[in-house]
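Data block below; observations after.
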Amino acid sequence: MSIPVRLPSALAAQAGGNRKLDAEGATVGAVLNHVVERFPSVGPRLRDPSGELYPFVTVYLNDQDIRFSDGFATVVHEGDEVVIVPAVAGG
């Protein structure tokens, strides 16, 4: 099943300039793994060396932050969308 993944500008540069990708997988983790397989330089910008999502990166499945569901094990369904949002700071 193909799931659309929306990337912020900072990650799009690591994904060939693509702001939207289609990825395969039954869970959010599998979908993100597919993105990283295709664009390896995206991986270190999403996860720390132990594989955990960086605290300044939020991943949404539709409008739900995956940290409040099953994390990377959150099941995706046809019609779902994964959105990656980095924290923004400034003054």
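The values are calculated or read from the model by the stated rules, or taken from the named source; none is laboratory data. These numbers were taken from a predicted model, which means no experiment stands behind them. Methodologically, a virtual Cβ is constructed for each residue, glycine included, from the backbone with ideal geometry; neighbour enumeration extends over all protein chains shown.
The table below lists the values:
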quantity: Filter result (crowded, with 16+ Cβ neighbours inside 10 Å and either part of a helix (DSSP H, G or I) or at pLDDT 95 or above (or both)) within the stretch 58-91; calculated: V59, Y60, L61, I66, F72, T74, V76, D80, V82, V83, I84
quantity: Qualifying residues in the stretch 7-18 (those that are small (G, A, S) and closer than 14 Å to V83 by Cα) - the one modelled with the highest pLDDT; calculated: A12
quantity: Qualifying residue in the stretch 30-41 (condition: modelled with pLDDT of 95 or more and touching an Asp or Glu at 6+ places or on another chain (Cβ under 6 Å)); calculated: yes
quantity: Residue within the stretch 42-57 that is among the polar types (S, T, N, Q), exposed (fewer than 12 other Cβ atoms within 10 Å of the Cβ) and either under 12 Å from the mean Cα position of the chain (by Cα) or not in a helix (DSSP H, G or I) (or both) present; calculated: yes
quantity: Filter pass, L21 being aliphatic (A, V, I, L, M) and at pLDDT below 95; calculated: no
quantity: Candidate set: the stretch 18-32, residues that are touching a residue at least 24 places away in the same chain (Cβ under 8 Å) and part of a strand (DSSP E or B); chosen: the one nearest to D65 (Cα to Cα); calculated: T27
quantity: Of residues in the stretch 9-40 being surrounded by 12 or more Cβ atoms within 10 Å (Cβ to Cβ) and more than 24 Å from G79 (Cα to Cα), the one farthest from the chain's Cα centre (by Cα); calculated: A13
